[in-house]
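Visitor: Before I ask anything, here is the structure I am working with.
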Amino acid sequence: MTNKLPSVSRRTIVKAGAALGASAVFSPAILTYAQGETPIKIGMHDPFTGTYAAEGESEKRGALMALAEINAKGGMLGRKIELVTEDDAANAGLAAQKAHKLIEQDKVSLLMGAVSSATALSVNQVAHEKGMIYMVTGGHTDPVTGAQCHWTTFRICTTTYMLAAGLAETLYKKFGGKWYFITPDYAFGHTLQESYAKLLKKMGGTVLGNSLAPLGTTDFSSYLIKAEQSKPDVLINLTDGQDLVNSMKQAAQFGLTKKFAIGGGLSELEVLRALPREAKLGWWTLEWYWNQPNTPHVKEWVAAYQKIYTDGTYPSARTWFGYAGLHSLAMGVAKAKSLDAVKIARALEGLELPPEIKLQPNKVYFRPGDHQLMSSEFPGEVIQDGTYPNLFKVAEIVSGEKVALPVAETGCKLDYKS
Amino acid sequence: MNRIIAIAAIWVALVALPWWLPLIGGYTALGSKVLIYAIATMGLNVLLGFTGGLSFGQAAYFGLGAYGAGMTLKYLAPSTPLAILIGTLVGGAAATLLGPLVMRRRGIYFAMITIAIGQLFYFIMVRWNEVTGGEDGLAGFSRQDIHFGPWLYRLDETNFYYLVLLGFTVAVAVMWMVLQSPLGHTFVAIRENRRRIEFLGVRVERYIWAAFAIAGFITAFAGTLNALLFNFTSPQDLHWILSGNFVIMIVLGGMRSFFGPLIGVIIFVVAQDYLSSITGNWMTFIGMIFVLIVLLFPRGVLGILARRVEVR
């Protein structure tokens, strides 16, 4: 055999090309070190696919607004900040995995995010193990700042209990204390109904009855007739999704909306926007609303939002969660003058949000005992014939401090290492 | 000889993974997750690829293992080995007890009844709020360091990976021995020609039951490790979507080959992890990869590689 160059087949060239392409995909991670002073990275996990994608997108938009403002003022500790977002698809296992990725691979210094409660709880666990500050933006379930609270975790959105309490008080004052419930027959519905019943009894009202409707019920007439016969002041309808549409439609057909008030639980601008007209009625609570004529800075903030996002949308409570979440982290770091987690946690405890960030009238601060932000509830009535964004009429802005459970009753014991 | 070199190379790569994975943009927890899912899918493949039983509810035993381990740590005793043992037994026992319901059915009915049983456990976990944490998932437990007499094995990120690797090795050895035994040969024979085996006087249903139980125990074992990986488990770990993903991973890698599922898991998990960081439409790409592989390599990635080796 003579000595000659090894023959190169077409296949080898294709393979080499593929390898080159693959290496180009991986290289950006290496490049960032060459850009002088490294920015501080903040990791955010949120659902950008699936049922909660609209809410996740809103939170991201809010965080990006805060990011631009913070960087315009010189960043954190004199360094620029950078937001690294990851899609958790509202899956708790994937969220925990992405939290590991953000910490180990992207080397973020702080964590934030969550729409689904389960993802908030799973990342809560990861952040605590890694000793990293985690700002929960959405994810309302009580244990995050209750039985499963950790020193590393803070939460912007209100608890399930606060949501119920904020609305219950308003409904009780306005309409009276005889209530009937239609509850979806699964765990979350039961918990919500129990908190409502407890609150109602505490205020001196009575539960006239409670119908458990299986998920996917299409015919609500038997529950509605039972509700009507009991002559309530308020009918609380805790169903969700398509069940909510069906039940509200039938309640309107029966003329029940004219006989007594119908109320629900949490609603959001994103949800209201997607509802058909028939289901757009009753009393609900939001956690923030863009139309607050008497609150300073709100109008300017909405205008600033629309300057950046020109798709005709209005900021929602979720946008504010992302915005307030990142600003809170920045304020905590500035006050601690360090990226040390314990120092930041101590700095955030009791920290009060300034008017241009809280964007609501009441005092808003992180409660030291359970790290829950004391932000307001916005109970009110849905405007049936309203067009986006005029979908809601806020009746009252209830201070969070007034409706939150006392720390001793939340079951939270912060686990700082001494 | 080539085979031995290939297997040795795989093991060296697995042992050294905590060093090289971060260099190419991965992280240790991702390596642990790949191995855990590999145990689960290889276990399922004993039933699916080797016996020919299409189980669409395998996540139920994965989730039962996870909840079993989590609840042991949370309510019973702070011991990692005990949690793994109890979780595996709970999930495996459930599969063993339910096997007789499943084994009589064939084809689509087999798939349907496994989905139904899977969703049964899913709804138990969602609705039994006080014990399982309902939709929020089970949290509030953490893996405990392991004591061997005076020695302490601290379960940090890297050491936990080695625990998973040990589990993977044991599971692979067990499955390999089963598939090399007369029992394993009977499984394959049932897949190839069930009627003929029946005519030979073999009680086919009992063997399907055995395959179902073995798959159940091994998947449950993977589930316990999955609960310990993030110290968290949720009803999504029992949902039929995860069961379907298991089947997709096996088909991607090649369901006729022993290590096929491992390749499928690597493709699926890494693609999910990497693509979902870049684009919100990552599911589209996973779907495209799946369609391409089914069209171009109906025997899976490893199936096609194995055939090329044979041809040469």
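The values are calculated or read from the model by the stated rules, or taken from the named source; none is laboratory data. Note that the coordinates shown come from a computational prediction; the quantities given were computed from them, not determined experimentally. Using ideal geometry, Cβ is built from the backbone for each residue, glycine included, and neighbour counts are taken over all protein chains shown.
Visitor: Any residue at all in the stretch A:63-81 that is in a helix (DSSP H, G or I) and either under 14 Å from the mean Cα position of the chain (by Cα) or not assigned by TED's automatic domain parsing to the domain that holds A:Ile308 (or both)? Walk me through it before giving the result.
Guide: Step one: list which residues in the stretch A:63-81 are in a helix (DSSP H, G or I), which gives A:63-72.
If we keep only those that are either under 14 Å from the mean Cα position of the chain (by Cα) or not assigned by TED's automatic domain parsing to the domain that holds A:Ile308 (or both) too, we end up with A:63.
Checked the stretch A:63-81: at least one residue is in a helix (DSSP H, G or I) and either under 14 Å from the mean Cα position of the chain (by Cα) or not assigned by TED's automatic domain parsing to the domain that holds A:Ile308 (or both).
Visitor: Still on this structure, please answer the following. Select, from B:Gly260, B:Gly287, B:Gly280, B:Gly254, the only residue that is modelled with pLDDT under 90 and at positive phi. Can you show your working first?
Guide: Numbers: B:Gly260 fails: at positive phi; B:Gly287 fails: at positive phi; B:Gly280 fails: at positive phi.
Checking each option against the conditions leaves just B:Gly254.
Visitor: Okay, moving on. Please count how many residues of the stretch A:94-130 are over 26 Å from B:Val34 (Cβ atoms), more than 9 Å from chain B (Cβ to nearest Cβ) and small (Gly, Ala, Ser).
Guide: Pass one, the stretch A:94-130, residues over 26 Å from B:Val34 (Cβ atoms): A:109-110, A:112, A:115, A:117.
Keeping just the survivors that are more than 9 Å from chain B (Cβ to nearest Cβ) gives A:109-110, A:112, A:115.
Now narrow it down to the ones that are small (Gly, Ala, Ser): A:109.
Result for the stretch A:94-130: 1.
Visitor: Here are some residues: B:Ala40, B:Ala13. Which one is more than 14 Å from chain A (Cβ to nearest Cβ) and either without any contact (Cβ under 8 Å) to a residue 12 or more places away in the chain or part of a helix (DSSP H, G or I) (or both)?
Guide: On the way: B:Ala40 fails: more than 14 Å from chain A (Cβ to nearest Cβ).
Unique residue meeting the criteria: B:Ala13.
Visitor: Please verify whether the stretch B:126-137 includes one or more residues that are surrounded by fewer than 16 Cβ atoms within 10 Å (Cβ to Cβ) and either at positive phi or of a type in the set (A, V, I, L, M, F, W, C) (or both).
Guide: yes
Visitor: Which numbered condition trips up B:Leu155, out of (1) within 19 Å of B:Gly43 (Cβ to Cβ); (2) in a loop (DSSP other than H, G, I, E, B); (3) among the hydrophobic types (A, V, I, L, M, F, W, C)?
Guide: (1)
Visitor: Write out, first by first residue and then by second, each pair whose Cβ atoms fall under 9 Å of each other, whose residues are 6+ apart or on separate chains, and whose first residue, in the stretch B:74-85, is surrounded by 11 or more Cβ atoms within 10 Å (Cβ to Cβ) while the second is among the acidic types (Asp, Glu).
Guide: Partner pairs satisfying both residue conditions: B:Thr80/B:Asp145.
Visitor: Turning to a different aspect of this structure: Among the residues in the stretch B:202-211, are any within 14 Å of chain A (Cβ to nearest Cβ) and assigned to a helix (DSSP H, G or I)? First the steps, then the outcome.
Guide: Quick first cut of the stretch B:202-211, residues within 14 Å of chain A (Cβ to nearest Cβ) only: none.
No.
Visitor: Moving on. When the stretch A:86-121 is examined, which residues are found to be hydroxyl-bearing (Ser, Thr, Tyr) and out of contact with any Asp or Glu (no Cβ under 9 Å at 6 or more places or on another chain)? Break it down into steps so the answer makes sense when it comes.
Guide: Quick first cut of the stretch A:86-121, residues hydroxyl-bearing (Ser, Thr, Tyr) only: A:109, A:116-117, A:119.
Scanning the stretch A:86-121 gives a single hit, A:Ser109.
Visitor: Next question, about the same structure. Given the conditions (1) more than 18 Å from B:Ala59 (Cα to Cα); (2) out of contact with any strand residue (DSSP E or B) (no Cβ under 7 Å at 6 or more places or on another chain); (3) buried (at least 17 other Cβ atoms within 10 Å of the Cβ), which single one is not true for B:Pro150?
Guide: Only one criterion in (1) more than 18 Å from B:Ala59 (Cα to Cα); (2) out of contact with any strand residue (DSSP E or B) (no Cβ under 7 Å at 6 or more places or on another chain); (3) buried (at least 17 other Cβ atoms within 10 Å of the Cβ) is unmet by B:Pro150, namely (3).
Visitor: Would you be able to say whether some residue in the stretch A:327-335 is without any contact (Cβ under 8 Å) to a residue 40 or more places away in the chain and assigned by TED's automatic domain parsing to the domain that holds A:Pro361? Let's see the steps before the verdict.
Guide: Of the stretch A:327-335, the ones without any contact (Cβ under 8 Å) to a residue 40 or more places away in the chain are A:331, A:335.
If we keep only those that are assigned by TED's automatic domain parsing to the domain that holds A:Pro361 as well, we get A:331, A:335.
Checked against the condition, which is being without any contact (Cβ under 8 Å) to a residue 40 or more places away in the chain and assigned by TED's automatic domain parsing to the domain that holds A:Pro361, the stretch A:327-335 yields at least one hit.
Visitor: Also, quick follow-up: Considering only the stretch A:118-141, I want to know if a residue exists there that is closer than 30 Å to A:Leu224 by Cα and outside the structural domain of A:Gly264 (by TED's automatic domain parsing). Even if it seems obvious, please write down each step before you answer.
Guide: Keep residues of the stretch A:118-141 that are closer than 30 Å to A:Leu224 by Cα, which gives A:140-141.
Next, from what is left, pick out any that are outside the structural domain of A:Gly264 (by TED's automatic domain parsing): A:140-141.
For the stretch A:118-141, residues closer than 30 Å to A:Leu224 by Cα and outside the structural domain of A:Gly264 (by TED's automatic domain parsing): present.
Visitor: Run down A:Gly139, A:Gly146, A:Gly176 and say which single residue is under 18 Å from the mean Cα position of the chain (by Cα) and at positive phi.
Guide: Values: A:Gly146 fails: at positive phi; A:Gly176 fails: under 18 Å from the mean Cα position of the chain (by Cα).
One residue alone meets the criteria, A:Gly139.
Visitor: Give the stretch A:66-93 a look and list any residue that's facing chain B (nearest Cβ under 8 Å) and surrounded by 24 or more Cβ atoms within 10 Å (Cβ to Cβ), or say none. So that I can check it myself, show each step before the final result.
Guide: Going through the stretch A:66-93, the residues facing chain B (nearest Cβ under 8 Å) turn out to be A:86-87, A:89, A:91-93.
A:Asp87, A:Ala89, A:Asn91, A:Ala92, A:Gly93 - these are the residues of the stretch A:66-93 that are facing chain B (nearest Cβ under 8 Å) and surrounded by 24 or more Cβ atoms within 10 Å (Cβ to Cβ).
Visitor: Can you tell me which residue in the stretch B:279-289 is surrounded by the most Cβ atoms within 10 Å (Cβ to Cβ), limited to those that are facing chain A (nearest Cβ under 9 Å) and either part of a helix (DSSP H, G or I) or of a type in the set (Ser, Thr, Tyr) (or both)? Outline the logic, then answer.
Guide: The first filter runs over the stretch B:279-289 and keeps only residues facing chain A (nearest Cβ under 9 Å), leaving B:279-283.
Then keep just the ones that are either part of a helix (DSSP H, G or I) or of a type in the set (Ser, Thr, Tyr) (or both); that gives B:279, B:282-283.
Values: B:Thr279: 13, B:Trp282: 20, B:Met283: 16.
Ranking the candidates gives B:Trp282 first.
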